[in-house]
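**Student:** Before we start, here is the structure in question, set down as structure tokens.
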Amino acid sequence: MLVLVVDSATPAVTAALAEVSDDAVAIRSERRAVDARAHGELLAPAVEAVLAEAGVRARDLDAIVAGLGPGPFTGLRVGLVTAASIGQTLDIPTYGVCSLDALGRVPQRVLVATDARRREVYWAVYEDGARLTEPAVDLPATVAQRAAELGVAAAIGEGAHKYAEVLGVQVRDEPRFPPAEAMAALAADRVRAKAPGERLTPLYLRRPDAVAQSVRKPVLP
């Protein structure tokens, strides 16, 4: 089964074509560009490129897997809107996965941290790929304290690299961004079972900067 994978929860804009068989997941083509300010400009061309490279037409796709974040509002929304639009157009199911979970699919107990901006990180702790804590957003110093309490000795992700000195644990060089193969693997059982498509609900973890006013201000004296 052919699956389009997209993720824009981090500065990395990722699109990939995965083939899901009865017992394996393989990436047939992939594009990744790192630019925190160009998600909207980069994702659609990346999708076209991975399909063209694999010699696959959009109508050949069986499902779409999208990273749900957590991630900054604007960038994350690009990936989810793109995935939902393609799924609706092709009438194929869409499945969401936590982007931190894709980073955490490694042996050992690890802290996964991505950059949340505002001097904060999105984070969770994993044990051999299983999530031990719920995704959260906190200051690096707060995360360092929680990681120490949980006995974490290593960290993964571009947020861990950015705040390595504060976190005080060994930081693995890779992966820095959610791997497409891991994202496809997280949804593979749903793809194989042809499970009903899911609503792609983003994990923002905090309110957007622009919030509509609940009370109108008077304009007359």
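The values are calculated or read from the model by the stated rules, or taken from the named source; none is laboratory data. This one's a predicted model, so the numbers in the text were calculated from it and none came from an experiment. All Cβ positions, even for glycine, are placed from backbone atoms using ideal geometry, and neighbour counts span all protein chains on display. The accessibility values were calculated without ligands, DNA or RNA, using every heavy atom of the protein model including side chains. Shrake-Rupley method; radii C 1.70, N 1.55, O 1.52, S 1.80 Å.
**Student:** Consider Ala83 carefully, then state whether it is closer than 24 Å to Tyr122 by Cα, open to solvent by 10 Å² or more (accessible area, probe 1.4 Å), among the aliphatic types (A, V, I, L, M) and touching a residue at least 12 places away in the same chain (Cβ under 8 Å).
**Tutor:** No: the conditions fail for Ala83.
**Student:** Considering only residues that are free of Cβ contacts under 8 Å to residues at least 24 places away in the same chain and farther than 19 Å from Ala102 by Cα, look in region 32-57 and name the one that is nearest to the chain's Cα centre (by Cα).
**Tutor:** Among those residues, the one meeting the criterion is Arg37.
Matching residues to (1) at pLDDT below 95; (2) within 16 Å of Asp189 (Cα to Cα); (3) open to solvent by 10 Å² or more (accessible area, probe 1.4 Å); (4) among the polar types (S, T, N, Q):
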residue: Met1; (1), (2), (3), (4): no, yes, yes, no
residue: Ala16; (1), (2), (3), (4): no, no, no, no
residue: Ala33; (1), (2), (3), (4): no, no, yes, no
residue: Val65; (1), (2), (3), (4): no, yes, no, no
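**Student:** Still on this structure, please answer the following. Provide a single number: the residues in region 1-36 that are part of a strand (DSSP E or B) and touching a Pro at 6+ places or on another chain (Cβ under 6 Å).
**Tutor:** Adding up the residues that qualify gives 2.
**Student:** For region 185-195, state whether one or more residues are open to solvent by 50 Å² or more (accessible area, probe 1.4 Å), within 30 Å of Ala24 (Cβ to Cβ) and part of a loop (DSSP other than H, G, I, E, B).
**Tutor:** Scanning region 185-195 turns up at least one residue that is open to solvent by 50 Å² or more (accessible area, probe 1.4 Å), within 30 Å of Ala24 (Cβ to Cβ) and part of a loop (DSSP other than H, G, I, E, B).
**Student:** On the given criteria, is Ala63 of a type in the set (Gly, Ala, Ser) and out of contact with any Gly (no Cβ under 9 Å at 6 or more places or on another chain)?
**Tutor:** So Ala63 fails the test.
**Student:** Right, next: Keeping to region 101-152, report how many residues are open to solvent by less than 70 Å² (accessible area, probe 1.4 Å) and free of Cβ contacts under 8 Å to residues at least 40 places away in the same chain.
**Tutor:** Final tally of qualifying residues: 16.
**Student:** Let me ask something else about it. If the requirement is being among the polar types (S, T, N, Q), touching a residue at least 60 places away in the same chain (Cβ under 8 Å) and open to solvent by less than 10 Å² (accessible area, probe 1.4 Å), which of these qualifies: Ser29, Ser8?
**Tutor:** Ser8
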